[in-house]
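**Student:** Input: one structure, supplied below.
Each reported figure results from applying straightforward, stated rules to the coordinates on display, with no laboratory input. What you are looking at is a predicted structure, and each value in this text was computed from that prediction instead of being measured. Neighbour counts are summed over all protein chains in view; Cβ atoms, including those assigned to glycine, are modelled from backbone coordinates with ideal geometry.
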Amino acid sequence: MPEKGRFASATDEQLKDDKWLRAHFKELQQAQERLDIAEKTILELQTSVKELSERIKKLES
């Protein structure tokens, strides 16, 4: 059975671990947001390239 109050306060090491995890979680969230933006941009560019290719084919024919 745990001692009374054993988990009541965090140690310095636990606080450092928590701070590190929170910082890296935030970095991962920001990286995911950048990836989402990049993916959207790539899809838009692919659509634009496809449309340009179709227009060029029409002009050539």
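**Student:** Could you work out which residue, out of Glu13, Glu44, Glu27, moves most in a Gaussian network model of the chain, that is, has the largest mean-square fluctuation with Cα springs under 10 Å?
**Tutor:** Glu13
**Student:** Right, here's the next one. Please work out whether the chain counts as rounded, prolate or oblate from its C-alpha gyration tensor, where a ≥ b ≥ c are the square roots of the eigenvalues and a/c under 1.5 means rounded, while otherwise a/b larger than b/c means prolate and anything else oblate?
**Tutor:** Numbers: a/c = 11.77, a/b = 6.01, b/c = 1.96.
Prolate, since a/c reaches 1.5 and a/b exceeds b/c.
**Student:** Oh, and also: With +1 assigned to the C-beta of every Lys and Arg and -1 to the C-beta of every Asp and Glu, and no other charges, what is the dipole magnitude of the chain about the Cα centre in debye, to the nearest 20?
**Tutor:** Numbers: 12 positive and 13 negative charges, 25 e Å.
For this selection, approximately 120 debye.
**Student:** While we're on this one: Please determine, in degrees from 0 to 90 and to the nearest 10, the orientation of helix 12-60 with respect to the longest principal axis defined by the Cα atoms of the chain, where the helix direction is its Cα long axis.
**Tutor:** That helix lies at roughly 10 degrees to the long axis.
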